[in-house]
Amino acid sequence: MMFGFLIIILFVVWYKNSTKKDPIELEYLNYLNNMGDKNFFCYNNKLSLKKYVEENIVPYLPEQVEIIYLNGKTPESDYPEVVISKMLYGLKLYDGYPHLIKIRSGVTTEISINNDVFNCINQHKDINPILFKIYTFFDLG
């Protein structure tokens, strides 16, 4: 009988601790819910990528798309680092940068365009299909 009671107490303590939200997670979720609709183009400092992206993609992004530059492990943007880091850490479909992330009603959706960009770089392909993919993903016409 005492053993069963002990098991129940341990379960209750475990359950309470397992359902607590991490303060960073709570801040992140709250921030997402208050952001409204946002569009992010994320790229990193990989040398073979950075120059190409800055010369061939960034100048053609619509003003509704905000840039997140990942300088090493530090995201550079107009948003709190902890929020952007959490968003990037939580990428479900991570397949390398560049990455497109959109927020709609507090929910993130993302895709990697890494393969597309490196195909353009390595095979000297036209950039327009990538720009079309970006506009389409963000529902920008």
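The values are calculated or read from the model by the stated rules, or taken from the named source; none is laboratory data. Everything numeric in this text was worked out from a predicted model, so none of it was measured. For neighbour counting, all protein chains shown are included, and Cβ atoms are generated from backbone atoms with ideal geometry for every residue, glycine included.
Considering 38, 86, 50, 92, which residue is in contact with a strand residue (DSSP E or B) (Cβ under 8 Å, 6 or more places away or on another chain), farther than 22 Å from residue 140 by Cα and surrounded by 15 or more Cβ atoms within 10 Å (Cβ to Cβ)? I'd like the intermediate steps shown before the answer.
Values: 38 fails: farther than 22 Å from residue 140 by Cα; 86 fails: in contact with a strand residue (DSSP E or B) (Cβ under 8 Å, 6 or more places away or on another chain); 92 fails: surrounded by 15 or more Cβ atoms within 10 Å (Cβ to Cβ).
That would be 50, the only listed residue that is in contact with a strand residue (DSSP E or B) (Cβ under 8 Å, 6 or more places away or on another chain), farther than 22 Å from residue 140 by Cα and surrounded by 15 or more Cβ atoms within 10 Å (Cβ to Cβ).
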Report every pair of residues separated by at least 6 positions or lying on different chains whose Cβ atoms are under 6 Å apart, first residue within region 97-116 and in contact (Cβ under 8 Å) with a residue 40 or more places away in the chain, second crowded, with 17+ Cβ neighbours inside 10 Å and among the small types (Gly, Ala, Ser). 99/112
Any chance region 80-99 includes a residue that's closer than 16 Å to residue 45 by Cα and part of a strand (DSSP E or B)? yes
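Let me confirm something: among 66, 76, which residue is surrounded by 11 or more Cβ atoms within 10 Å (Cβ to Cβ) and either at positive phi or touching a residue at least 24 places away in the same chain (Cβ under 8 Å) (or both)? Outline the logic, then answer.
Working: 76 fails: either at positive phi or touching a residue at least 24 places away in the same chain (Cβ under 8 Å) (or both).
Answer to the selection: 66.
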List the residue pairs whose Cβ atoms are under 8 Å apart, where the first residue sits in region 36-49 and is more than 26 Å from residue 106 (Cβ to Cβ), the second is loosely packed, with under 13 Cβ neighbours inside 10 Å and of a type in the set (Gly, Ala, Ser), and the two are 6 or more positions apart or on different chains. 45/72
By residue number, the members of region 27-77 that are touching a Gly at 6+ places or on another chain (Cβ under 8 Å) and assigned to a loop (DSSP other than H, G, I, E, B) are 45
Cβ pairs under 6 Å, 6+ apart, first in region 127-141 and in contact (Cβ under 8 Å) with a residue 24 or more places away in the chain and closer than 12 Å to residue 61 by Cα, second charged (D, E, K, R) and surrounded by 13 or more Cβ atoms within 10 Å (Cβ to Cβ): 130/116; 138/102
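Modelled with pLDDT of 90 or more, acidic (Asp, Glu) and either in a loop (DSSP other than H, G, I, E, B) or touching a Lys or Arg at 6+ places or on another chain (Cβ under 6 Å) (or both) - does that describe any residue in region 116-128?
Yes - at least one qualifying residue is present in region 116-128.
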Got a number for residues in region 88-138 being acidic (Asp, Glu) and within 17 Å of the chain's Cα centre (by Cα)? 2
Pick from region 100-115, criterion among the hydroxyl-bearing types (Ser, Thr, Tyr) and assigned to a strand (DSSP E or B), ranking: surrounded by the fewest Cβ atoms within 10 Å (Cβ to Cβ): 109
Of the residues 59, 75, 80, which single one is of a type outside the set (Phe, Trp, Tyr) and farther than 26 Å from residue 136 by Cα? 80
